[in-house]
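Written out below as C-alpha cells is the structure these notes cover.
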Ligand code: ZN
C-alpha cells in the first residue's frame, strides 16, 4: 500500500507548498482538490507534482447533484463532466464522487436519492469515455442533510450494480467504521473488483464539529489496523489516502502535521502487514 495525503488535510497551503511538504516527508501521492488546481492550471500542476516525485492518487470531488436544487440539476451535471475532464488531464486514477444531500424543497429521501442517482447516471458515460472511474463515496449518515444521501457501503454497492462499468467505491473509515455491515460491503466491492480507493483519518471521542474535527490516524476510536488488514486481505494494495478535515489541525504547524501523519499512518499500514 502506498501513502498519499489528501490536500484538504493541509487546506491553507497552496498547491506548490503542499506538494513540496508532502515530498519532503516521503509521502508518495497527493489527492488533488479541484480549487487548488487554479493556482497554476492543470498542465503546470501535473508537471509540478510529477517533478516532485509524487503521483496524483485521486481527485476531489465530482457530484453534489442536489446541492443547487432541481433547477440547478443541469449545471451540476455539466460541472461534474468538466471535473472529470480535469481529473483525467491531471492523470488521476479515479475521481471521488459524493452525490449530494437532501434536495432543498423536500424532506423525501427516496425522492432525493432517485434525483441524485439519475443525475449520476447521466454523468457515468462521460467518465467511461474519459477512462476515469468514479469512486462513489458513502458518507456517514450525519451528512444526509447537506452532503450525501448515500450513507452505507451496501447502498453504494447497489448503486454501482445499477450504474454498471465506470463506477466503484471509495471506502472512508470515518464514514463506515460504525456500520455492522462494513466488512460485508468491502468484501462485496472486492469481489466485484470495485475497490478504487481507501481514505483514512480517525473519529475523535469528543468530536466538536460534524465536518471539521477529524483526527490523525491512531488518535481516535477507529480500529484502523483492522481496516487495513481487511482491505489488504481483499487484495487491495493501492493508495491509502489520509484525508483529515480539521480546523484545529489547519491552525497548527503544517510541517509537523504531515510528519505526524506520515509516521502514524505508515505504522498502521506496517502493523497490519506484520500480522
Ligand atoms: Zn473520504
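The values are calculated or read from the model by the stated rules, or taken from the named source; none is laboratory data. Model, not experiment: these values are computed from the prediction. Here Cβ is always computed from backbone atoms with ideal geometry, including for glycine, and neighbour counts include all displayed protein chains.
If you take the residues in region 6-17 that are farther than 22 Å from residue 172 by Cα, assigned to a helix (DSSP H, G or I) and touching a helix residue (DSSP H, G or I) at 6+ places or on another chain (Cβ under 7 Å), which one is farthest from the ligand (Cβ to nearest atom)? Ranking the candidates gives 16 first.
Taking residue 24 as meeting all but one of (1) under 18 Å from residue 201 (Cβ atoms); (2) surrounded by fewer than 15 Cβ atoms within 10 Å (Cβ to Cβ), write down the number of the exception. Residue 24 satisfies every listed condition except (1).
Here residue 64 passes the criteria (1) touching a strand residue (DSSP E or B) at 6+ places or on another chain (Cβ under 7 Å); (2) at pLDDT below 95 except the one numbered (2). Residues that are closer than 25 Å to residue 245 by Cα and assigned to a loop (DSSP other than H, G, I, E, B) were ranked within region 143-167; the one that is nearest to the ligand (Cβ to nearest atom) is 147.
Each row is one residue, and each column tells you yes or no for (1) at pLDDT below 95; (2) touching a helix residue (DSSP H, G or I) at 6+ places or on another chain (Cβ under 6 Å); (3) assigned to a loop (DSSP other than H, G, I, E, B); (4) more than 16 Å from the ligand (Cβ to nearest atom).
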site	(1), (2), (3), (4)
82	no, no, no, yes
97	no, no, no, no
105	no, no, yes, yes
111	no, no, no, yes
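Scanning region 55-75 for residues being touching a residue at least 40 places away in the same chain (Cβ under 8 Å), surrounded by fewer than 21 Cβ atoms within 10 Å (Cβ to Cβ) and in contact with a helix residue (DSSP H, G or I) (Cβ under 7 Å, 6 or more places away or on another chain) gives a total of 1. Scanning region 227-261 for residues that are out of contact with any strand residue (DSSP E or B) (no Cβ under 9 Å at 6 or more places or on another chain), part of a helix (DSSP H, G or I) and surrounded by fewer than 15 Cβ atoms within 10 Å (Cβ to Cβ) gives 233, 255, 256.
Has region 128-142 got any residue that is out of contact with any helix residue (DSSP H, G or I) (no Cβ under 8 Å at 6 or more places or on another chain), modelled with pLDDT of 95 or more, more than 15 Å from the ligand (Cβ to nearest atom) and within 22 Å of residue 32 (Cα to Cα)? Yes, region 128-142 contains a residue that is out of contact with any helix residue (DSSP H, G or I) (no Cβ under 8 Å at 6 or more places or on another chain), modelled with pLDDT of 95 or more, more than 15 Å from the ligand (Cβ to nearest atom) and within 22 Å of residue 32 (Cα to Cα). Screening 198, 115 for residues that are within 13 Å of the ligand (Cβ to nearest atom) and under 22 Å from residue 83 (Cβ atoms) leaves exactly one candidate, 198. Any residue that is within 16 Å of the ligand (Cβ to nearest atom), modelled with pLDDT of 95 or more, under 18 Å from the mean Cα position of the chain (by Cα) and closer than 20 Å to residue 169 by Cα - is there at least one of those in region 34-53? Yes, region 34-53 contains at least one residue that is within 16 Å of the ligand (Cβ to nearest atom), modelled with pLDDT of 95 or more, under 18 Å from the mean Cα position of the chain (by Cα) and closer than 20 Å to residue 169 by Cα.
Number of residues in region 168-179 that are buried (at least 20 other Cβ atoms within 10 Å of the Cβ) and either farther than 12 Å from residue 189 by Cβ or more than 16 Å from the ligand (Cβ to nearest atom) (or both) equals 4.
Find the residue count for region 33-48, including only residues that are without any contact (Cβ under 8 Å) to a residue 40 or more places away in the chain and either in a strand (DSSP E or B) or in contact with a strand residue (DSSP E or B) (Cβ under 9 Å, 6 or more places away or on another chain) (or both).
If we filter region 33-48 for residues that are without any contact (Cβ under 8 Å) to a residue 40 or more places away in the chain, which is where we start, we get 33, 35-36, 38-41, 44, 47-48.
When the remaining residues are screened for being either in a strand (DSSP E or B) or in contact with a strand residue (DSSP E or B) (Cβ under 9 Å, 6 or more places away or on another chain) (or both), the result is 33.
Here the count works out to 1.
Just to be sure, is residue 180 over 19 Å from the mean Cα position of the chain (by Cα) and assigned to a loop (DSSP other than H, G, I, E, B)? It would help to see each step written out before you state the result.
Values: over 19 Å from the mean Cα position of the chain (by Cα): yes; assigned to a loop (DSSP other than H, G, I, E, B): yes.
When the stated conditions are applied, residue 180 passes them.
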